[in-house]
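The structure under discussion appears below in the form of structure tokens.
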Amino acid sequence: MIGGVLSYGFKEVLALVEERAGLAAPSCLAAAEEGIQRAMARANLTNVDVYRQQLAVNNALLDDLLTELTIGETYFFRTHEHFDHLRRVVLPELRERRGPDHLLRAWSAACSSGEEPYSIAALLMTEGWEERMTVHATDVSRTALARAREGRYTDWSLRGPSADRMRAHLKQEGRHYLLSPDVKRHVQLGYLNLALETWPSAESGLWQLDVIFCRNVLIYFNLATIEGVARRLFAALDDGGYLFSGPSDPPLGDYAPFEAVLTDWGVLYRKPLGGQHSAHFVPLQPLAPLRADGTPFPPGRAGPTPPVRFASDPAEGSDGARFTPTPGQTSASFEGARFASGPASGETARAFDGSLFASGEASGSFDGARFASGEASGSFPVPNAFEPRATPAPVPPRPVAPAARFALSVEAREAVRQALARGDWREASKRAGAQAADLDQALEAVRTLANLDPRAAVFACGEAVVRHPLVAGLRYLEALLLLGQSRLPDAEKSARQALYLEPGLAVGHLLLGHVLRRQDQAAAAARAYREAEGLCRKLPPEALVPLAEGERAGALADVARAEWRRLELEGGGAS
């Protein structure tokens, strides 16, 4: 239902768009009306009733209007954590599991003007897949697809921190950059309305895919469309295939049987391996990480900790768990902060003004937080969401303690597996290390169990909280897991506990808003979204927000604003 004030006939136009394309009503109706007027002008129509009648039968007109009602925000290597995870973890695992001759199939599901699929193609070429790759790219806007086919860009497409990785494939001509034909030939562009039941199919090539990027798209859809798109994305993946979604997109676990994979920077989804392929799954040591610009870290300088995976070890004949952080690095905690090991357990909470430093030099950025490189990156310092701020004083630099490695023994792996099989979550939690005095180890245990049995992970979170009652990040993780299981009252309680411990946690307020909205508490949800927006607005627009999967403060503030305005226009978000 569309509320708010619109001129005569425009409300019916938006209702038709929702019916035909599954798009929810825009949060700013005034801007939507202006967009409709621009689309009408291009169609040489002035009567809104006539325009609506034409929309019902003319797909080209509808496509043109959708361009006005959605935001094509994109640039090369946007959210570089996704591309780094693709390079370091997904591609090596795929090559090992499918063999060196496998033809990799990727899809950019809402490619806009092409920066995303061309970034994927450029990365695959760099990693040696040039002759064994196909990248499909689709969008609902034929105008955007035309720009993608032209491959002509400006500095605006190179504004991200990792965009320099694309410059080798661009030729500058005046104020524009022309894309290399070598990259273009690997990308197959085509029209697709994700809301329609026309995919997946062999004819379109959108099936048995190894990798899908469908980021910051689902936020535009109504609930029924989200459910349908999630099921079709799952069906389009090959067994073991990966789906990268956007930080503002809704959780998909309620709509399709994805495996949710928790990483240092956030969540991605995987289609479970089929029975006959399971035996071929081989654990891999992830490749060394790169800096945001795609260059390697200097020898002897530690980069960001690679994601820790829960994998089988065929050498030992077990399907149990193994933690595999890179030797010489401390383990990473859940989707955000990496902690330098303290001298002893029981160390009091300290204030946090940006990061913990190695060798007395500023290090890392909070794009999943890198805190031990010993090399200045120039990123904006942000608060640590995992530790309460005990005092307002800044923390002086201190050396990082020796690296820790949390590797379960063969016996412990088997014990975790057996405990989960018989439903003994307490034993599985204990064996995985959720009750460890070391916070990193406890967080690793929760994350590992989340990849095996989310219900057991919730229990493990409770166990870890007993040991670490003042850590906001644990409560936030618990709230995320509970929301994924649609345990809304419990998720609300955990989110509020996280915010009690860390009132400035912007993503905590955003998560609380999601939970309250799903409980039909529109006014309270709107207040939470407003608080999230306010916190993000206090940061520079390009600052990275803690626990937000590399999202910038300006973009996340816009997401929060769109949510509370939508509720307000629906009549339930008045403060």
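Computed quantities for the displayed model
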| item | result |
| --- | --- |
| Evaluated over the stretch 36-102, the Cα radius of gyration and Dmax, each in Å | 21.6, 60 |
| FRET efficiency, 1/(1 + (r/R0)^6) with R0 45 Å, evaluated for ARG455 and ARG149 via beta carbons | 0.45 |
| Three-way shape label, the stretch 496-542, alpha-carbon gyration tensor, a/c 1.5 | oblate |
| Reach of LYS538 by Cα under 20 Å, taken over aspartates and glutamates that are not fewer than 8 positions away in the same chain | ASP353, ASP367, GLU502, GLU549, GLU551, ASP558, GLU563 |
| Extended-chain gain in nm, criterion 0.36 nm per residue less alpha-carbon gap, GLU19 and ALA168 | 49.3 nm |
| Pairwise label distance in nanometres, HIS176 with ARG518, each label 7 Å out on the Cα-Cβ vector | 4.6 |
| Mean accessible surface per residue for the stretch 467-575, computed with a 1.4 Å probe while every protein chain stays in place, in Å² | 40 |
| Counted charge near ASP49, where neighbours are those whose Cβ lies closer than 14 Å (Asp, Glu -1; Lys, Arg +1) | +1 |
| Reachable lysines from LYS184, criterion Cα separation under 23 angstrom, eight or more residues apart if same chain | LYS171 |
| Cβ-defined net charge surrounding GLY423, 11 Å radius [Lys, Arg +1; Asp, Glu -1] | 0 |
| Radius of gyration and maximum dimension Dmax of the stretch 500-575, Cα, Å | 11.7, 33 |
| Global geometry of the stretch 208-251, whether rounded, prolate or oblate, following the gyration tensor of its Cα atoms and the 1.5 cut on a/c | oblate |
| Cα-only Debye scattering, the stretch 38-186: base-10 log of I(q)/I(0) at q = 0.10, 0.14, 0.19 Å⁻¹ | -0.44, -0.74, -1.11 |
| LYS171, LYS184, LYS271, ranked by accessible area, largest first (probe 1.4 Å) | LYS171, LYS184, LYS271 |
| Kirkwood hydrodynamic radius (C-alpha pairs) into Stokes-Einstein, the stretch 423-575, 10 °C and 1.306 mPa s, D in µm²/s | 100 |
| Summed side-chain charge close to HIS176 - residues other than HIS176 whose Cβ falls under 11 Å, Lys, Arg +1, Asp, Glu -1 | 0 |
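The values are calculated or read from the model by the stated rules, or taken from the named source; none is laboratory data. Keep in mind the model is a prediction, meaning the values are calculated, not measured. Glycine also receives a Cβ, built like all others from the backbone with ideal geometry; neighbour counts cover every protein chain displayed. With ligands, DNA and RNA removed, areas are computed over all heavy atoms of the protein, side chains included. Shrake-Rupley method; radii C 1.70, N 1.55, O 1.52, S 1.80 Å.
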